[in-house]
Structure formats: structure tokens, C-alpha cells
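What follows is a single structure, written as C-alpha cells, with notes after it.
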Amino acid sequence: MYAFDFVKAASVEEAVSALASGEAQALGGGQTLIPTLKARLADPGTLISLAHIDSLKFVRAGDGMVEIGGGTTHATVAAETAQTYPGLADLAGRIGDPSVRNRGTIGGSLANNDPSACYPAAALGSGATIVTNSREIAADDFFEGMFATSLEEGEIVTAVKFPIPEKSHYEKMAQPASRFPLVAVFVAKFADGVRVAVTGASNDGVFRWAEAEKALSADFSVAAVQELKHSDDDMIADLHGTAAYRAHLIGVMTRRAVAQMV
Amino acid sequence: MPKDSGIGASSKRREDLRFLTGNGKYTDDVNVAGQSHAVFVRSDLAHGRIESIDVTEAEAAPGVLKVFTAKDFEGVGGVPCGWCVTDKHGEPMQEPKHPVLAEGKVRHVGDPYAVVVAETLDQARNAAELIDADITELPAVVNMKDALKDGATKVHDDLTSNLCYDWGFVEENKGAVDEAIRNAHHVTTLELVNNRLIANPMEPRVAVGEYDPWKDEHTLWTTSQNPHVIRLLMGAFVLGIPEHKLRVIAPDVGGGFGTKIFHYAEEAFCTFAAKALKRPVKWTCTRSEAFMSDAHGRDHVSKIELAMDESGKFLALRTDTYANMGAYLSTFAPSVPTWLHGTLMAGNYITPLIYVNVKAVFTNTVPVDAYRGAGRPEATYQLERVVDKAAREMGIDPVELRRRNFINKDQFPYDTPVAVTYDTGDYHATMDKLLEISDRDGFAARKAESAARGKLRGYGVAHYIEACGIAPSNLVGQLGARAGLYESATVRVNATGSISVMTGSHSHGQGHETSFAQVVADMLGIPEEQIDIIHGDTARTPMGMGTYGSRSIAVGGSAMVRATEKIIAKAKKIASHLMEASESDVEFANGQFTVAGTDKSVAWGDVCLAAYVPHNYPLEDIEPGLEETSFYDPANFTYPSGGYCCEVEVDPDTGKVDVVAFSAADDFGNVINPMIVEGQVHGGVAQGIGQAVLENCVYDENGQLLTGSYMDYAMPRAYDVPMFTVDHSCQTPCTHNPLGVKGCGEAGAIGSPPAIVNAVLDALNDFGIDHIDMPLSPQRVWAAMQDAKSGA
Ligand SMILES: Cc1cc2nc3c(=O)[nH]c(=O)nc-3n(C[C@H](O)[C@H](O)[C@H](O)COP(=O)(O)OP(=O)(O)OC[C@H]3O[C@@H](n4cnc5c(N)ncnc54)[C@H](O)[C@@H]3O)c2cc1C
């Protein structure tokens, strides 16, 4: 770790202005950023901690929506959306391990947009809206590829609004070492159609599987996606899975998710 | 009846109180006044020529005391290898120099070429980034077979090739083995890889060096399984410090699994630099550093051929193995694929003819050495995999094929064709027990139940033998060991009857402080609490060889028994004087000395006090005091054996393997503490599951370590292992040590991998898959099923 200055922001405004002044980076739960710092892969100068901003920590349900503060931990989401949005609660409850879930935050996870992270699948699969200190961004416009989002420098995720589907399920095949998704699929069935979001698989990060959405919107059944195969173009290939294996898993995880929902 | 103390009791591990409450004293807890901090600068290239290292800027950085490079070590010895293997032509192995800091070339990712010592760790880290090293990348040799090709890049320019040795065992049998294989009814052949592993003890390595110029004394605190061995190797071969001026302390050590046996450059560095700088020097390995600097384990590529007659009787066995040594020879590396491997190739079976060939190869990778089981897992894996394959090819049930070839219990002692003599064993008994505890009869129903859930269930067995309790010094000396392998104990009875036992064994998780105390308590008939076990400090314990090779209770425990016997003999003399009786009439039981046939008695405590306050004492016959030392050198290895069974479920869509049941029926001879023994088996099996299903150390073709963190190196988690069913009721006591014990530390890691792989292949029986190399990751299992389906 390089030496850094540390600012405990008390409000979003304070954090935003601190971030605007020179070399500084927001610190959420630190579950991604701290290991990066320890490996000396980043030298942010100043860390602006969001952990003490109470207005970033909430879970509110109503009007067919769940709205979650950007500083809310995975464990809190798992506990507090269990009734309102069980598919999301289940996803949050299976991120990492208890210490990760009790520190890591939804805002940090979405801002980081790791190509193997869980939350991006829920956000994209639900058609969520990412709220920042300055604007609202539709999930379809938010994720811009591996570790890339449409957030501007110094912009903070203050909340995420999830429309609640009729049914949803997150099916995850864990990478054997990191236990992040090797491939995971979030399927959400809304009155007006089905959304299928895939994480872990693509070099472009989280994405929607249009063919599966179309097939399932027409006929929400395992049979509808039984023969569907995802192409292995641009799939991640590494020690833990070839592109062909990942493409295969997209089909398997999608069918399993649907099987849980019908 | 389970006992509640002494030998055979499941006494609670006394050390756990401090470990579980965070009160252990580990090497990183050692902070010496005035200490400075060392940061090693390690190569990020697998192979490179060092053109120049400019340290000017780094040395000028804040807080820096000095930057060391190879030139500071001119005249200092290299890190030695403790075992010399003689090749099949009778020539000694090729042995490269292993400098403390890289000289001329860097030879693996992680090879240290400079060290910054500074006032604080952060200052040292910052300065390390200012070192300007000009290193020209050279082609790396990673694959062992490529490394042996003509014209391959040499890891060591001064050696003739990358071949460390070509070992044949037993060379004289080769012709007969070849002949038998040529003429056999059936030969089963299998090529397999024993995957490279990283031990990953919970505590990374740490070294703290201190030098007292007024006494000219060095102290090294280090995370070691054998402080006396480190003192010997480092003092004699690297730094030239005589033993009486060098103290090595290995306090609480958080797991070793073999990787903390070896003498490492960092230990020598901290000891050396403490004198050079006249400041204590501390180094704490980061986890990332551990991946590229702790000795790795396994990494064998083998071909095994088993010849049988019509009835499946084994006639001959031939193996051909490439064993990766990495870039330098770690302390015991040459012995692992040879004497700890070739001598075990008979397994539990009567195979009259065996020939083992091993080519040890230098590559641009981290040195490879002993890891839990060391050589024996590699032998067992080959053998128990080829036997399963043979059973399939011959249409014989795999359990039945094993039974047909087992050495029967009336055949012990049994001379194998690979130089060792098994003293005792009863393999049919452990196999019977295994089938019972694994409920083989109920398997079909469980398989059907799994099938109903869409899962493929498999049942696999393996039977192992291991040679442990290493070992007779004269024998290992003939085999190339550059050290003896006895063990020592001093039993110091204090004046009021409590006891301090100083042992040369070292406990780093095994629970010696509990189980060793049970033995002495049992012999003396006094409470365990009255006995303390002291280990891990060369200044406090007699010269001993440490803990590895499941040797502590068999060798260290035996030394302690011998010393305690001497105590009892002397105490009886004192007691006979106190009771005015003839020594031959004195009996000793339950902590009381009595005179046979009378009501005269004297208690243990009174005798101890008399020894130290010898007012009424036979000073003309015996010395005061009650302290005895023994050095025990065993007559043979011990031979634990057992049957292991694994049940798996394979997900046919994803290839994921779940280990759903695991049973172990071990014969460890007599058992001192059943709970500790079970814990050792649990840990070993968990590591075996790790090897078989998850763990794999992978280098790319340029010698870059792809699995350099837990993001890519898959360690087993609690939910990856099932509840284990373990049994050690089959006991054929060792015939040549006083406790009749055999050792249990490595068995789990030796016997489990083949059982797991056999189970997976049983689950995949319908696919006709012969073999899948470990780890059986989802991707590999899925790919094997795909290939089988497409007929590839
Ligand atoms: C052992 C382990 C296992 C894990 N397993 C999983 C898993 O299975 N699935 C999974 O999805 N994740 C996993 N994670 C990652 C975890 O979910 C992280 O918590 C998450 O990715 C980042 O959230 P954070 O709050 O910790 O962010 P930090 O680490 O603090 O920050 C990450 C990045 O986001 C920025 N940032 C933080 N908060 C905000 C905000 N509110 N607005 C804008 N930018 C912000 C930071 O500046 C930084 O660039 C794992 C992590 C660990 C350590």
C-alpha cells in the first residue's frame, strides 16, 4: 500500500467536493479497492470514505420498486429485500463470504463493474436505474464493458432503483478459486417481458442475452430455451474455463434459472 | 472403554486455548528492539540475465539502511541441498549453486536479486521500487520434456543440461521387468500428471535475525518445522557460524505441510544482514510472495505399466516419471521422487518385479520439494489409478483385484522388490472395514437416488501404504541423505515432580504438546497437566531433526519413551534407598513406588524432591538430579496403511464434482490420542480433495505464474468437503518402536486423491473415459464428457 490521506465524508456533498479536488478516490466497503491498494496497483493519494454517510444506507420498497442506497452492504440487502425482492436478496446473500458481505456495498460493486461481479447481472436483468449525485442512468446505458461504466470522474452512486419482477432467479456457477461467478445468469420475468442478464462470461462484461429474452417472453418455459446456444465469440477464456465452456454454461444457467421459476 | 487420560485418551488439545483465542506467539509476533525491515526484490521474469542493478537511488531513499545484492554475498555459501541422489550410472546428481541472492541470472518468477533494509516496512517497499535492474529476458524452460531436448535453454549454464539425475530403481531388475511386461497376458498402461501444488500454510514464512556483537551470538526466529536442521544447514554451509554461536527459534508455527522444512535464502539473509548492519532484521512474507517463493509440491508426469496374468495377478510394474525440481534444488527435493517414491511402488501388493525410472529436471519455476506425503502420494496415485484401470480392462471388480494381489497378513515381515521391508499390516482387514463404513452394499440405492436428481454418482476406492517415521540414519545415509534422521528428547523432572520434556520434534499444528504429554503421563502414572512439552528452540532442546514424514510420535515419541525409561530406572534406585529395600523389589505404578509384598511406599513427588535435595540419598552410587536424555534411531521405517473410499456426484451439465462422502479405514498401529489422529486424517483428506478437485499451480509457456493468488489458485473450503467417516480400529502395531505406533500425519493426503479420481471415473463409467488429470475441475470433466460424446 502507498501512503494516502483519508477523508471520512459526512455527506454526499462533502464527498463529491472532496473527490473533485485533485487525486482522490471513493472508498466504499473496500472489498475490491483495499486488495488493489495492498498490491500497490493503485496510488489514489486521498481516499474519500463513503462508509459514514447515513443517507447512502437504506432499503425502501414501494410502488413496485425497491430502492437501495449506494452505501448499503450486501448483507443488509440480503436481509432487507428477502420479502420484497427475493431474487435480489438471494443474489446478495451469495456474494463472497460473510466478511465481504458485511463490508462490500452495492454502489461499489456497480461502479467497479467487474466482468464477473454479481450485482451488475441483477441491475441489468431488472432494468434498474442507477442514481448518482448528479443524474439517473438506466442500467442499459450504465455498463460499458469490463470495469467500465458511464460514471464520470468523481461521480457517486447514491442509490439503485430496482423494478420488482413477478419472479426472478439468479443461477451461479462459481469459479473454483475466487468463487466469483464463472458464469451466472439473472432471469427476471416482468408482466411485459423477460430479461436475461449474463455475468462472468463475456470480455465485454455483463450483457443481456437477447435470444433467450425473446424466447422466454414468448413462452416462459425451460423448453423454450432448451435448444438455445450462445455463441462463444468474445467469451472470456482462462484457466477456469474455455470460451466454449462459458458459452455452454450460459445455456445451462439460463435453463436452471427458468426451471426454478416455473 | 475410552480412557480419560494417558495413552489412548482423546485428551483435549491444550495448545488450542492459545491458538483459538489469538494468543499464540508466532514468529511475526517477535519484535526486537531496534529492528529494521527487509523487503525482497523479486524477479518478474522466469529467466533473465542480470546486466546491472543500480541501487543508488534506492539507497538514498528515506530510512534505507542498505540495499543488498549478490555482490554482498561474495564468499558466502549457497543454500545447500540436503540429499544427494546417485543416478543410474552411479554418478552423483547435477547440483547447481543456489545463491542467497541471484547471481548473474534470475531463474524463476520470484527469484530474489536484491533486498532493501530500512527503518520501516513502508520505507523499504518504497525504496524497492527505486532499484533500477537491467535484466535481459532469456527464453524460459517450463515443460520438463522440452527442457530435456537437445539444445534446450539451460537453467544453469554451468551444468551439462537440465537433467538433475536419471535414476533407475532397481536398475538390476530392469531387464527382467521389461521381459515380464513383454510376455504378460495383459498390460494396463496409464499416463498421468500429479499436479503441482502450493502448500499455503495459514501462516506465511517469517524470519527475524539478531546479532549480539558483545557475545558474537546470532539468533534467528523462523517459521520452521525443524530449527536444528536450519541451524546445521545455515550455520555450516551458508554463513559459517558454529552451532554454539547460533540459536534458531521456531516458536508457534501456523502450519507447515512440508514447505517449512527447508532452509530458505530469506533465513540466511536476515541472519547475515543483522550482523552486517548491527541491527535486527525482520522479514514477513506477503501472501503474494509466498506463492512464488515457498517451495511447491508434487509436479510429476508419469507413465505406469502394470503386467498381469489371466487371473489378474500382478507380475511386473514399470514406471517412468519426470519430476520437476524447479530452478534450484530445495533442501530435500532430490529424495522426494526417488527414495520417498520408488520405494513405495509395491503398494499393498505382491508384485515380484518392479522398475522405477525418474528423471529429475530443472525448469524456470519455483523449487519443488516435499509437501504432505512427499513422493508417497505420487506413488500411491499412480498405482491406485492403474489398478482401477486394470480392473476395468480385465472385467474384475476393483476391490476384488486389489484383494487378489494383497500381501496377506501371514506374510509379514514382507520384503518388497523395492528395497523396503514392511513390518506389519493387515490389508484385508482395512479393506473389510472400509467396505463396511462406506456402506458399499447401499451404493446402488444411493446412485439411483442421485440419478433421480440428475446427478451421476460414483464410488471409488484406493488402498495405500506409506513409509514414514523416517528413518534409520544408517539407511538414509546410504541413500544419499546428508543428515541423520534420529530424534531426541530430554526429560527434566523438576524438584517438586513436574516435568519439562525437551523434544527435537516440532509441533506446528499436530498437537504434540498434548499427545507427547499423554505418553509420559501414562508411563509415570501422573497427571498430564504436570508435564510440559518444550520444542522449537535450539538453545533449549537437544539436537533433533524435527517434524515431517509422519515421524514425530514414531521417532520423537520413542526418544521420549527411552528417556522416561531412564528416569524410571533412576527413580527406582532413589526409591529403594528411601524405602531401604532392594532395588529389584521396587515396583512403580500410578505414580507410587512400592516394595513388593509390603505396605511400604513412597510417592513420585518424594522421590523427585530427594533427587534435588539429596540429604538422604545414595550419593556414593548415583548422582543427584533427575534428568535424562535419549537419542532414538529407528531400525526401520513404519508402514501405516489403509483403505479410502470416496463417493462423488458429477453434474453432467456442468462437469462439477461434489465429494459427497468420504470414508477412511486406517491402520496406524497403536493410537495415542484418537481425536488428534482423526483430526490429522481429516486435514490430510481435505488437502487430498484439494489436490484432486481444486488445486493446481499453473505456469504459462513463458514461466509466468498464472495462479499467483487465491483468485486463481483454488483452495478447498469447508463446503467442499463432506463429513468424514474415519476409523482406526484396525491396528497392527509397529514391531520395532516402543510405542507400536506408525504415524498418521500424511496418510489422508496420500490415500485420498486416487480414491476421488477413481470415484469420478466410476461416475462417468458410461462415457468410457479412461482418465482425467487432476484437478478434476468442472471445465476438465465437462471437456472429457464432450470429447467422449463426440468420439474424440
Ligand atoms: C473474498 C472476496 C470475494 C468476493 N466475491 C464476490 C462475488 O462472489 N461476487 C461479487 O459480485 N463480488 C464479490 N466480491 C467483490 C465485493 O462484492 C466488493 O464488495 C464489491 O465488488 C465492491 O464494493 P465495495 O463497496 O467493497 O467497493 P470498494 O472496494 O470500496 O470500491 C470499489 C470501486 O468502486 C468505487 N466506489 C465505491 N463505492 C462507490 C460509490 N458509491 N459510487 C461510486 N464509486 C464507488 C471505488 O472508488 C472503487 O473504484 C468479493 C470480494 C472479496 C474480497
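The values are calculated or read from the model by the stated rules, or taken from the named source; none is laboratory data. Just so you know, these numbers come straight off a predicted model, no measurement behind them. Ideal geometry is used to build each Cβ from the backbone, glycine not excepted, and the neighbour counts take in all protein chains shown. Quick note on the areas: whole protein, heavy atoms, side chains included, nothing else; ligands and nucleic acids left out. Shrake-Rupley method; radii C 1.70, N 1.55, O 1.52, S 1.80 Å.
Of the conditions (1) open to solvent by less than 20 Å² (accessible area, probe 1.4 Å); (2) at negative phi, B:D773 fails just one. Which one is it?
Unmet condition: (1).
Within segment A:170-189, can you find the residues that are away from chain B (no Cβ under 14 Å) and either near the ligand (Cβ under 9 Å from one of its atoms) or surrounded by 24 or more Cβ atoms within 10 Å (Cβ to Cβ) (or both)?
Scanning segment A:170-189 gives A:Y170, A:F186, A:V187, A:A188.
Per-residue answers, yes or no, for (1) touching a residue at least 12 places away in the same chain (Cβ under 8 Å); (2) more than 27 Å from B:S473 (Cα to Cα); (3) surrounded by fewer than 24 Cβ atoms within 10 Å (Cβ to Cβ):
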residue	(1), (2), (3)
B:V501	yes, no, no
B:H512	yes, no, no
B:P542	yes, no, yes
B:G549	yes, no, no
B:S552	yes, no, no
B:V561	yes, no, yes
B:I574	yes, yes, no
B:V586	yes, yes, yes
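Against the condition among the aliphatic types (A, V, I, L, M), more than 11 Å from the ligand (Cβ to nearest atom) and touching a residue at least 60 places away in the same chain (Cβ under 8 Å), how does A:L33 come out, does it pass?
no
Of the numbered conditions (1) within 8 Å of the ligand (Cβ to nearest atom); (2) under 27 Å from B:R717 (Cβ atoms), A:A79 satisfies every one except a single condition; which is it?
Every listed condition holds for A:A79 apart from (1).
Just name the residue that is nearest to the ligand (Cβ to nearest atom) out of those in segment A:36-54 that are farther than 23 Å from B:D122 by Cβ and open to solvent by 40 Å² or more (accessible area, probe 1.4 Å).
A:A51
Yes/no per residue for (1) touching a residue at least 12 places away in the same chain (Cβ under 8 Å); (2) within 11 Å of chain A (Cβ to nearest Cβ); (3) surrounded by fewer than 17 Cβ atoms within 10 Å (Cβ to Cβ); (4) not in a helix (DSSP H, G or I):
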{"position": "B:N696", "(1), (2), (3), (4)": "yes, yes, no, yes"}
{"position": "B:N702", "(1), (2), (3), (4)": "yes, no, yes, yes"}
{"position": "B:S709", "(1), (2), (3), (4)": "yes, yes, yes, yes"}
{"position": "B:Y713", "(1), (2), (3), (4)": "yes, yes, no, yes"}
{"position": "B:P716", "(1), (2), (3), (4)": "yes, yes, no, yes"}
{"position": "B:V726", "(1), (2), (3), (4)": "yes, no, no, yes"}
{"position": "B:Q731", "(1), (2), (3), (4)": "yes, no, no, yes"}
{"position": "B:C734", "(1), (2), (3), (4)": "yes, no, no, yes"}
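Every residue, every condition in (1) touching an Asp or Glu at 6+ places or on another chain (Cβ under 8 Å); (2) within 26 Å of A:F142 (Cβ to Cβ), yes or no:
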site	(1), (2)
A:W209	no, yes
A:S217	no, yes
A:V222	no, no
A:S231	no, yes
A:M235	no, yes
A:T254	yes, yes
A:V258	no, yes
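Out of the residues in segment A:2-30 that are within 14 Å of chain B (Cβ to nearest Cβ) and in contact (Cβ under 8 Å) with a residue 40 or more places away in the chain, state the one that is farthest from the ligand (Cβ to nearest atom).
That would be A:Y2.
Among strands (runs of 3 or more DSSP E) lying entirely in segment B:229-316, which contain 1 or more residues that are surrounded by fewer than 22 Cβ atoms within 10 Å (Cβ to Cβ) and in contact with a Ser or Thr (Cβ under 7 Å, 6 or more places away or on another chain)?
By residue number, B:246-249, B:300-308.
Going through segment A:144-169 one residue at a time, which ones are under 25 Å from A:V187 (Cβ atoms) and within 15 Å of the ligand (Cβ to nearest atom)?
A:E144, A:M146, A:F147, A:A148, A:T149, A:S150, A:V157, A:A159, A:V160, A:K161
Yes or no: segment A:190-207 includes at least one residue that is open to solvent by 20 Å² or more (accessible area, probe 1.4 Å), among the polar types (S, T, N, Q) and closer than 22 Å to A:D233 by Cα.
yes
Does segment A:209-223 contain any residue that is farther than 22 Å from A:A122 by Cα, away from chain B (no Cβ under 12 Å) and in a helix (DSSP H, G or I)?
yes
Select from segment A:125-143 the residues that are within 13 Å of the chain's Cα centre (by Cα) and either within 14 Å of the ligand (Cβ to nearest atom) or of a type in the set (D, E, K, R) (or both) and list them in ascending order.
Those that are within 13 Å of the chain's Cα centre (by Cα) and either within 14 Å of the ligand (Cβ to nearest atom) or of a type in the set (D, E, K, R) (or both): A:G125, A:I130, A:D140, A:F142, A:F143.
When residues of segment B:374-426 are filtered for being open to solvent by less than 40 Å² (accessible area, probe 1.4 Å), in a loop (DSSP other than H, G, I, E, B) and over 19 Å from B:M774 (Cα atoms), how many remain?
11
Could you say whether any residue in segment B:35-58 is aromatic (F, W, Y), assigned to a helix (DSSP H, G or I) and outside the structural domain of B:I534 (by TED's automatic domain parsing)?
No; the residues of segment B:35-58 include none that is aromatic (F, W, Y), assigned to a helix (DSSP H, G or I) and outside the structural domain of B:I534 (by TED's automatic domain parsing).
Among the residues of segment A:234-262 satisfying the criterion of being part of a loop (DSSP other than H, G, I, E, B) and not aliphatic (A, V, I, L, M), which is farthest from the other protein chains (Cβ to nearest Cβ)?
A:D234
Please go through (1) within 14 Å of another protein chain (Cβ to nearest Cβ); (2) open to solvent by 50 Å² or more (accessible area, probe 1.4 Å) for B:A127 and return the number of the only condition it doesn't satisfy.
For B:A127, the failing item is (2).
I'd like the residue in segment A:100-124 that is over 10 Å from A:G29 (Cα atoms) and within 14 Å of chain B (Cβ to nearest Cβ) and, out of all such residues, is farthest from the ligand (Cβ to nearest atom).
Selected residue: A:P115.
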